[in-house]
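Report on the structure given below.
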Number of protein chains: 2
Amino acid sequence: MFSDRFDQLVQALRILPSVGPKSAQRMALHLIMKNKEGAVGLAHALNEATSYIHECSICHSLTEDEVCNICVSHERDDQILCLVESPADVMAIEQSGSFRGKYHVLGGHLSPLDGIGPDEIGIPYLLQRLSGGNVKEVILATNATVEGQATAHYIVEAAKHLPVQMTRIAQGVPQGGELEYVDSHTLSQAVHNRMRMK
Amino acid sequence: MFSDRFDQLVQALRILPSVGPKSAQRMALHLIMKNKEGAVGLAHALNEATSYIHECSICHSLTEDEVCNICVSHERDDQILCLVESPADVMAIEQSGSFRGKYHVLGGHLSPLDGIGPDEIGIPYLLQRLSGGNVKEVILATNATVEGQATAHYIVEAAKHLPVQMTRIAQGVPQGGELEYVDSHTLSQAVHNRMRMK
């Protein structure tokens, strides 16, 4: 609209998740009109982050070092491993403050139709990691989707021969959930997995 | 969370309009995990845009050159001037395809409480531009807010001595508007400004 570089900025902003053409225009105008300094800072942060952040060589979460700060920490229990699909899940569980062990990030889930098999999500490396003998329990915290469930089941089967306990995060009614709005599959799971109170 | 540079990127993304902490985290993860190339491209586009885009010396819209492509165009009627608050408004009117004249961008509206008076939004420069004698009509297209209305009225008064016709964009029921959901002020304006059909 105003110039080629303006249009290029609008296009470039469209790569952000849930940013459509109208939002991208609004963002571009905001940056140029009201916050040029912030825009330069954002460009710098993007260049720094893309240059220095990469996968942790142990758990495959994100880090700037060879090994991430969770893997390297002596304050975390390395006998219990939380297995998740992506670094976003590590972040969510860390923010819940409910886990003090270590992580293993698959980087996806099994999806044969998309050509994603056990090798693509590093199952051989996971089994090798579990064979070390240090890990006593794996919490399978893949998503509660069909693919996440299938991936969890596959891993239980694949690790059958190893002396490692496998648990799955609980499924049921979420905190604050009103029963009349909870889907029937979740409700049926919640009834099936009911817990004794007395 | 993962590293300092990750946190810095999340912080930097928060300058974007309507991006809160959760969205910024999601964007940062998306860029680093799924689209590093796009992130580098965005950084480049930000640096280019902030370096080269500035105000047009005539209309105060945005351009990379001394004068913007609308001001420089011989195909646009320079006897009719559309006066708006910001370059975003120029973009909106251009996208409606309803105007073939030239623009004048105030860069804001009168707001005495915030210390924004006639000088801050360049009223002297506007009057000087209108004194040239070339402009026959000014369409006052400031926002239909209290401040926008006040600014339009102020300009009409300030330019009283000049032989220039002043018009205001129409106010009424928007296209597709169902009367029962239109606010009463708009409805009262629409009745007051009714147009003869026969």
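The values are calculated or read from the model by the stated rules, or taken from the named source; none is laboratory data. Computed from a predicted structure; not experimentally measured. Cβ atoms come from the backbone with ideal geometry, glycine included; neighbour counts cover every protein chain shown. For accessibility, only protein heavy atoms count, side chains too; no ligands or nucleic acids. Shrake-Rupley method; radii C 1.70, N 1.55, O 1.52, S 1.80 Å.
Test A:E94 against the criterion of being within 18 Å of B:D7 (Cα to Cα), of a type outside the set (S, T, Y) and facing another protein chain (nearest Cβ under 7 Å), and give yes or no. When the stated conditions are applied, A:E94 passes them. Could you list, in sequence order, the residues of the range A:89-104 that are of a type outside the set (F, W, Y) and either touching a strand residue (DSSP E or B) at 6+ places or on another chain (Cβ under 6 Å) or open to solvent by 40 Å² or more (accessible area, probe 1.4 Å) (or both)? Correct list: A:V90, A:A92, A:E94, A:Q95, A:S96, A:G97, A:S98, A:R100, A:G101, A:K102, A:H104.
For A:L62, the conditions (1) more than 9 Å from every other protein chain (Cβ to nearest Cβ); (2) in contact (Cβ under 8 Å) with a residue 24 or more places away in the chain; (3) among the hydrophobic types (A, V, I, L, M, F, W, C); (4) over 21 Å from A:I155 (Cβ atoms) are fulfilled apart from (1). Note on the range A:12-50: among residues that are farther than 22 Å from B:Y52 by Cβ and among the small types (G, A, S), the one that is farthest from the other protein chains (Cβ to nearest Cβ) is A:G20. For B:V146, the test of being open to solvent by 90 Å² or more (accessible area, probe 1.4 Å), free of Cβ contacts under 8 Å to residues at least 40 places away in the same chain and out of contact with any strand residue (DSSP E or B) (no Cβ under 7 Å at 6 or more places or on another chain) is passed. Tell me which residues, restricted to the range B:149-189, are surrounded by 11 or more Cβ atoms within 10 Å (Cβ to Cβ), of a type in the set (A, V, I, L, M, F, W, C) and part of a helix (DSSP H, G or I). Listed by number, the residues that qualify are B:A150, B:A152, B:I155, B:V156, B:A158, B:L187. Counting only residues that are within 7 Å of another protein chain (Cβ to nearest Cβ) and open to solvent by less than 40 Å² (accessible area, probe 1.4 Å), the range A:1-11 holds 4 of them.
Is it true that B:C56 is within 11 Å of chain A (Cβ to nearest Cβ) and touching a strand residue (DSSP E or B) at 6+ places or on another chain (Cβ under 6 Å)? Considered against the rule, which asks whether it is within 11 Å of chain A (Cβ to nearest Cβ) and touching a strand residue (DSSP E or B) at 6+ places or on another chain (Cβ under 6 Å), B:C56 comes out as yes.
Would you confirm, using the coordinates I've provided, whether B:T142 is part of a strand (DSSP E or B), under 21 Å from the mean Cα position of the chain (by Cα) and hydroxyl-bearing (S, T, Y)? No: the conditions fail for B:T142.
For (1) within 28 Å of the chain's Cα centre (by Cα); (2) closer than 13 Å to B:A43 by Cβ; (3) basic (K, R), each residue gets a yes or a no:
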residue	(1), (2), (3)
A:L29	no, no, no
A:E55	yes, no, no
A:E66	yes, no, no
A:I70	yes, no, no
A:R76	yes, no, yes
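With the structure loaded, tell me whether B:V40 is at pLDDT 95 or above, buried (at least 21 other Cβ atoms within 10 Å of the Cβ) and more than 19 Å from A:S23 (Cβ to Cβ) or whether it fails that test. No, not satisfied.
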